[in-house]
1. Name the single residue that is surrounded by the most Cβ atoms within 10 Å (Cβ to Cβ) among those in the range 31-47 being part of a loop (DSSP other than H, G, I, E, B) and of a type in the set (Gly, Ala, Ser).
2. Working only within the range 138-166, note down all residues that are open to solvent by less than 60 Å² (accessible area, probe 1.4 Å), under 30 Å from Asp44 (Cβ atoms) and part of a loop (DSSP other than H, G, I, E, B).
3. Return yes or no: is Val56 open to solvent by 30 Å² or more (accessible area, probe 1.4 Å), of a type in the set (Val, Ile, Thr) and closer than 19 Å to Lys187 by Cβ?
4. Report, by residue number, each residue of the range 75-94 that is assigned to a strand (DSSP E or B) and open to solvent by less than 10 Å² (accessible area, probe 1.4 Å).
5. Quick check on the range 11-32. Is at least one of its residues among the aromatic types (Phe, Trp, Tyr) and at pLDDT below 95?
6. Does Ala157 fit the bill of being among the small types (Gly, Ala, Ser) and at pLDDT below 95?
7. Does the range 108-131 include one or more residues that are of a type in the set (A, V, I, L, M, F, W, C) and out of contact with any strand residue (DSSP E or B) (no Cβ under 7 Å at 6 or more places or on another chain)?
8. Of the conditions (1) among the β-branched types (Val, Ile, Thr); (2) part of a loop (DSSP other than H, G, I, E, B); (3) free of Cβ contacts under 8 Å to residues at least 60 places away in the same chain, Val135 satisfies every one except a single condition; which number is it?
Amino acid sequence: MLRTSLSLLLFAAAATVMPVRAEKIATPAIAAPDVAHAKKYAQDGISVSLPGNWTVTENTAMDEGGGRALGIEADKPDFETLGLDITLQVYPEDIAPSLQGAAEFLVERQIDGSKNYSQPKHADYKLGGRFPALVSRYNHNVFGADSPYAKRVDLYALKPCGEGWVCLLYAQTVAANESAASAGMAKLYETVKFAPAQE
């Protein structure tokens, strides 16, 4: 499974033991994506331009269909900065999920039946103000209302990215990182292509 933000897991574990006091924890949002200095990534049939301060951390084969999955992280200057992870999955178009179906499934998997989350609200969205997407907003009620970890924002986008292939991009993050996620994902959405090597 593609990695989840370590900092979020550690803070979530701590929250089950004692309340998290936001005023005592420095939690700056992730830096804006450096789209002006984008870098090209091309491997295993995937080509995409990344913000200059984002890094591909995983590239694995999907369980079926011959597609690929990338894990992408926004660079962090320190442990306290709120992490931002992006997932890019490539599906054959005949088994690709719908955008709504993918969003609902992934949010439910994130919540996993826990009563510590509010009911997610889904809405149409534009990545970077340009590309069609969905947003899911909900609260993680273990954290106090003023905690940066309380308000969750998930972004989902789906696009044809090659002949017979569909790419799903998503980020499950916190509201403070929404702007950075939206702008950086727009760069990925605009440039991603997939063409598997011919055997």
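The values are calculated or read from the model by the stated rules, or taken from the named source; none is laboratory data. This structure is a prediction, so every number in the text was calculated from the model and none was measured. Neighbour counts are summed over all protein chains in view; Cβ atoms, including those assigned to glycine, are modelled from backbone coordinates with ideal geometry. For accessibility, only protein heavy atoms count, side chains too; no ligands or nucleic acids. Shrake-Rupley method; radii C 1.70, N 1.55, O 1.52, S 1.80 Å.
1. Checking each candidate, the answer is Ala38.
2. Across the range 138-166, the qualifying residue is only Gly164.
3. yes
4. Ile86, Leu88, Val90
5. Scanning the range 11-32 turns up at least one residue that is among the aromatic types (Phe, Trp, Tyr) and at pLDDT below 95.
6. No.
7. no
8. (2)
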